[in-house]
Amino acid sequence: MRMLILGTGGMAAQHAKHFAAIDGVSVVAGVDVDPNRLEKFNTTHNIPNGFASLDAAIAWGQFDAVANVTPDSIHHATSIAALKAGKHVFCEKPLATDATKAFEMVDVAEQSGLINMVNLTYRNVAQLQKAREIVLSGAIGAVKHVESSYLQSWLVSKAWGDWRTESQWLWRLSKKHGSNGVLGDIGVHILDFASYGSGLEIEHVFARLKTFDKAEGNKIGEYELDANDSFTMAVDFDNGALGVIHASRWATGHMNELRLRVYGEKGGVEVQHRHDGSRLRVCLGDNVESGTWEEMEAPAVPTNYQRFAEAVKTGKMQEPSFRHAAELQKVLDLATVSEQQRKELATH
């Protein structure tokens, strides 16, 4: 597979590194509107070709697939252009800025018959994969209740930098600068963590979004601090189970932590994924009577990058697909409407 990296900022280095490490995959070109950034990126990753636009790269044509690492608002137009040019697409999350655009991308992708996947990175957590396997095996019985959280602390800690002075954080707090807050930034991750780990789809959502006062007049320089900092969702799943999903940037002591708890009529599973490691605990069999939880090992799993390469090689689609990511985007969109209307909304 000959891979083209579209957009050379942010996560692009991870894409270049991971794809280059896969047998049979070569990263043959980079694309960026900033020539200096492109040259530095290509030199760093030993990439032989560079283009100032996707159109120029398509005219060249000597590649099979695109890793789309452009800003969120550009995913829609560029992914569709690549698909129409006959190229497989591996897109960064979120798939699009709203569900309407996301489903337009789904239509083009599915009509093309090409491989289309979204880089929901926490699918790479072996403990999540093992938890899903346990749930789907029926070992915990019918799922009744799900809890899931994504906790960050960068609004109360300088461990990642000072949000008051650094643009890489300030823009995430400002709608004018393209942010939909914590919901738009990490909401898709925790929704996927909850739905994938439980093996269930969300059918109804009631959400609350909150933006807290953070500076005088809630403004720092050109940045109006009006994007949400925390959200809570009460959801119900397609099997009737209830769920609570929440995320915050105010979670003191939690650098970057995802949790999932899935409880069934015969047992339960819990996943904790932190910056310094992951854990899987289970309560099954006789342990249900004593409330005893045991830690379980989880074997390593292929990464999204590896599964995309395998899908292109075999011609067989793998998850997470554009359609799955679009369904998640629909929930995120409805969460915002739910907050505005103060009522529960159906996803279908």
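Identification of helices (runs of 4 or more DSSP H) wholly contained in segment 3-115 with 1 or more residues that are within 24 Å of Gln318 (Cα to Cα) yields 12-20, 75-84, 99-112. Here the condition is being surrounded by fewer than 20 Cβ atoms within 10 Å (Cβ to Cβ), within 24 Å of Glu257 (Cα to Cα) and modelled with pLDDT of 95 or more; of Ser195, Ser153, Ser137, Ser149, it holds for Ser153 alone. Cβ-Cβ contacts under 9 Å between residues 6 or more apart (or on different chains), taken from a first residue in segment 159-187 that is surrounded by fewer than 12 Cβ atoms within 10 Å (Cβ to Cβ) to a second residue that is in a helix (DSSP H, G or I) and not basic (Lys, Arg), are listed as Asp162/Trp169. Restricting the search to segment 116-125, which residues are assigned to a loop (DSSP other than H, G, I, E, B) and in contact with a strand residue (DSSP E or B) (Cβ under 9 Å, 6 or more places away or on another chain)? Selection gives Val125 alone.
Checking each residue of segment 265-287 against the condition of being surrounded by 21 or more Cβ atoms within 10 Å (Cβ to Cβ), polar (S, T, N, Q) and farther than 16 Å from Tyr122 by Cα gives no match.
I'd like the full set of residues that are open to solvent by 40 Å² or more (accessible area, probe 1.4 Å), without any contact (Cβ under 8 Å) to a residue 60 or more places away in the chain and closer than 14 Å to Val28 by Cβ, limited to segment 57-68. Ile58, Trp60 - these are the residues of segment 57-68 that are open to solvent by 40 Å² or more (accessible area, probe 1.4 Å), without any contact (Cβ under 8 Å) to a residue 60 or more places away in the chain and closer than 14 Å to Val28 by Cβ. Number of residues in segment 142-178 that are part of a loop (DSSP other than H, G, I, E, B) and under 26 Å from Val244 (Cβ atoms) equals 6.
Is it the case, given these coordinates, that Ser73 is closer than 30 Å to Val205 by Cα and surrounded by 17 or more Cβ atoms within 10 Å (Cβ to Cβ)? Here the answer is no, as Ser73 does not meet what is asked.
The values are calculated or read from the model by the stated rules, or taken from the named source; none is laboratory data. Please read all numbers here as calculations on a predicted model, not as lab measurements. Positions of Cβ are generated from backbone atoms using ideal geometry, with glycine treated the same way; all protein chains shown enter the neighbour counts. Areas reflect the complete protein model, heavy atoms only, side chains present, ligands, DNA and RNA absent. Shrake-Rupley method; radii C 1.70, N 1.55, O 1.52, S 1.80 Å.
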